[in-house]
1. Only helical DSSP H runs with n ≥ 4 go in: add -39500 (n - 2.57) per run for the chain, normalise by residue count and round the 222 nm mean residue ellipticity to 500 deg cm²/dmol.
2. When only C-alpha pairs under 8 Å and at least 6 residues apart count, what is the relative contact order of the stretch 11-78, in percent?
3. Once P(r) over Cα pairs in 5 Å bins from 0, in percent is worked out from the coordinates, which option in (1) 3, 11, 9, 11, 11, 10, 8, 6, 7, 8, 9, 5, 1, 0; (2) 3, 15, 29, 28, 17, 7, 2; (3) 3, 15, 25, 22, 16, 8, 5, 3, 2, 0 does it equal?
4. Quick check for me: using +1 on Lys/Arg Cβ and -1 on Asp/Glu Cβ, what's the dipole size of the chain about its Cα centre, in debye to the nearest 20?
5. So who's got an amide H within less than 5 Å of the one on THR20, skipping anything under 5 residues away but keeping other chains? H placed 1.01 Å off N, in plane.
Amino acid sequence: MGIDSDMDFRIVDFKISSETLSFQMEGIRYSFTLSEISPRLAEASDAERDDYRFSPSGYGIRWESIDEDLSFQGLIKLG
C-alpha cells in the first residue's frame with residue numbers, strides 16, 4: 001500500500017505498553033512490537049513510555065525523556 005505524503009492522518013485509539021504500540025487510522029488497526037521499531041522504547045520504563053506528546057501537526061509522536069520520535073507515516077510503511 002502506498003502512502004500519500006499529503007494524507008490526512010486521523011489517529012484514534014493510540015496505546016503503548018511494555019511490548020507493543022498500536023493505533024487505529026481510517027478504520028485500520030496497526031500494531032508494532034516495540035523491539036522492532038525502537039530499542040529506546042523497548043528499554044524505557046513505563047513512566048518514560050507513558051510520557052509522550054503528539055506533534056502539533058499530528059504526524060508523529062515525541063518522547064522527550066528518551067529522545068525518541070516516530071512518525072505515523074514511517075510506522076505504516078513498516079506494516
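Where a number appears in this text, it was derived from the coordinates with a stated rule and is not lab data. Everything quoted here is computed from the prediction, not taken from an experiment. Cβ placement follows ideal geometry from the backbone for every residue including glycine, while neighbour counts extend to all protein chains displayed.
1. Working: 4 runs with 21 residues, N = 79.
Computed mean residue ellipticity for the chain: -5500 deg cm²/dmol.
2. Values: 92 pairs, mean separation 13.4, N = 68.
Relative contact order, the stretch 11-78: 20 percent.
3. (2)
4. Charge dipole of the chain: 200 debye, to the nearest 20.
5. When sequence neighbours closer than 5 places are left aside, the close amide H contacts are LEU34.
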